[in-house]
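The values are calculated or read from the model by the stated rules, or taken from the named source; none is laboratory data. Nothing here was measured: the structure is a model prediction, and the numbers come from that model. Note that each Cβ is placed from the backbone with ideal geometry, even for glycine, and that neighbours are counted across all protein chains shown.
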Amino acid sequence: DASDIEKGTYPHYMLKEIDEQPLVMRKIIQTYQNEQGELTIAPEIINAMNDSDRVYIIAAGTSYHAGLVGKQFIEKIAKIPVEVHVASEFGYNMPLLSDKPLFIFISQSGETADSRAVLVSVKELGHRTLTITNVPGSTLSREADYTLLLHAGPEIAVASTKAYTAQLAVLSILAEVTAKSRNYTLGFDLVHELGIVANAMEVLCDSKELIEHISREFLSVTRNAFFIGRSVDHYVGLEGALKLKEISYIQAEGFAGGELKHGTIALIEEGTPIIALATQESVNLSIRGNVKEVVARGANPCIISMKGLEMDEDSFVIPEVHELLTPLISVIPMQLIAYYAALHRDCDVDKPRNLAKSVTVE
Ligand code: AGP
């Protein structure tokens, strides 16, 4: 549909695509539901999940970050062990594979050459493959045994946004349907929880002014920035750092809170921006301990927490969603912070230097 790829009144595709996330979420819930309102996935894919003793997720960039969160979904919900690998590294030191591996390729474009190289080599070994992609008929989709589509609509901006949240939603559905096929009791209704996520996304997309202000306050005059978090917040921090560096050219790194003391804390100077995520009750106090450590060394902290875990000093509070699903919404302030940082620095938001939308060379 040509209208999908018009910017309309938006100044940039990236902002349009960020705003489309609640809609994409609802589209995914709808598309993956059967007439009884249950989530459903082609039985041959669920059989492939159930036949495997270990899942290997292969991806690059933002899709790799989605894979890190996807591992949590599959291990916690479907109880199948998962390894996540950066596609370009996989070939050098191929891990000792399990007896019955299933390979999942996560790729928005379905054209990433690094991922395709792994697909070709594991197919030669006779292993089963599933591609999760936004583009039907893409190379990775055609060449894998099975495909799950993201239904996110065309993503034009080089910085991936709606594809990431769509990847997480589809991975959570894959984990849920697999778990149900094994008669596991889940303790939550994923359709309902993803609906709450879609509503929370809307609230966040309506909070642009506050996030623009935060971005200006923390990032307008800095050469670098650090993202810290523990547990899944760490993975969202990695994505936040990637978003910021690729479009604003601020040198940004994501670190696990507990790793700071093992080296990175040496980089903290007066005014160094630290973006800390606090969406997980189990690590709320420890991440706040990390914030204290960096503040004591002069850092300028921006704490993004989830409702129910917030404290007075927090800069931004995201609405409450199921604790497994927080990455689907905590990433939105990360996307918007990067967007506004790039805008304030007059960067070409949709077409950052040196980058292509799909990387078709190894
Ligand atoms: C993210 O903002 C990127 N531009 C990039 O990291 C991207 O996610 C990566 O190249 C993988 O692309 P794919 O999902 O199309 O395979």
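Couple of notes before you dig in:
- Filter result (within 20 Å of Glu239 (Cβ to Cβ), among the aromatic types (Phe, Trp, Tyr) and away from the ligand (no atom under 16 Å from the Cβ)) within segment 68-124: Phe73
- Filtered by the rule that a residue be among the acidic types (Asp, Glu) and assigned to a helix (DSSP H, G or I), segment 188-213 gives Glu193, Glu202, Glu209, Glu212.
For (1) of a type outside the set (A, V, I, L, M); (2) in a loop (DSSP other than H, G, I, E, B), each residue gets a yes or a no:
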site: Val120; (1), (2): no, no
site: Thr131; (1), (2): yes, no
site: Leu148; (1), (2): no, no
site: Ala157; (1), (2): no, yes
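- Restricted to segment 177-198, and to residues there that are of a type in the set (A, V, I, L, M, F, W, C) and more than 21 Å from Leu23 (Cβ to Cβ), the residue that is modelled with the lowest pLDDT is Leu186.
- Residue in segment 254-275 that is within 23 Å of Asp19 (Cβ to Cβ), part of a helix (DSSP H, G or I) and acidic (Asp, Glu) present: no
- Which listed residue is under 19 Å from Ala338 (Cα atoms) and surrounded by 17 or more Cβ atoms within 10 Å (Cβ to Cβ), from Ala256, Ala278: Ala278
- Hits in segment 45-63 - residues which are in a helix (DSSP H, G or I) and either more than 16 Å from the ligand (Cβ to nearest atom) or without any contact (Cβ under 8 Å) to a residue 12 or more places away in the chain (or both): Ile45, Ile46, Asn47, Ala48, Met49, Asn50, Asp51
- Filtering Val122, Val69, Val135 for residues that are within 23 Å of Gly240 (Cα to Cα) and β-branched (Val, Ile, Thr) leaves a single hit, Val69.
- Some residue of segment 159-174 being within 19 Å of Ile46 (Cα to Cα) and out of contact with any Leu (no Cβ under 8 Å at 6 or more places or on another chain): yes
- Lone unmet requirement of (1) buried (at least 21 other Cβ atoms within 10 Å of the Cβ); (2) under 14 Å from Leu325 (Cα atoms); (3) not β-branched (Val, Ile, Thr) for Asn199: (1)
- Yes/no for Gly110 being within 30 Å of Pro11 (Cβ to Cβ) and not acidic (Asp, Glu): yes
- Here is the figure for segment 159-215: residues that are under 17 Å from the mean Cα position of the chain (by Cα), under 25 Å from Ala48 (Cβ atoms) and more than 16 Å from the ligand (Cβ to nearest atom) total 5.
- Scanning segment 64-111 for residues that are over 17 Å from the mean Cα position of the chain (by Cα), crowded, with 16+ Cβ neighbours inside 10 Å and not in a helix (DSSP H, G or I) yields Ile80, Pro101, Leu102, Phe103, Glu111.
- Lys7 being touching a residue at least 24 places away in the same chain (Cβ under 8 Å) and surrounded by fewer than 19 Cβ atoms within 10 Å (Cβ to Cβ): no
- Within segment 325-362, the set of residues being more than 14 Å from the ligand (Cβ to nearest atom), of a type in the set (D, E, K, R) and touching a helix residue (DSSP H, G or I) at 6+ places or on another chain (Cβ under 8 Å) comprises just one member, Arg345.
- Residues in segment 20-37 that are touching a residue at least 24 places away in the same chain (Cβ under 8 Å), surrounded by fewer than 20 Cβ atoms within 10 Å (Cβ to Cβ) and not in a helix (DSSP H, G or I): Gln33, Gly37.
- First in segment 113-125 and farther than 8 Å from Ser88 by Cα and surrounded by fewer than 16 Cβ atoms within 10 Å (Cβ to Cβ), second anywhere and at pLDDT 95 or above and not hydrophobic (A, V, I, L, M, F, W, C), Cβ under 7 Å, 6 or more apart: Lys123/Thr129
- Scanning segment 301-329 for residues being among the small types (Gly, Ala, Ser) and either under 14 Å from Ala200 (Cα atoms) or without any contact (Cβ under 8 Å) to a residue 40 or more places away in the chain (or both) gives a total of 2.
- When Glu17 is tested against the conditions (1) touching a Lys or Arg at 6+ places or on another chain (Cβ under 7 Å); (2) exposed (fewer than 13 other Cβ atoms within 10 Å of the Cβ); (3) more than 27 Å from Asp145 (Cα to Cα), the lone failure is (2).
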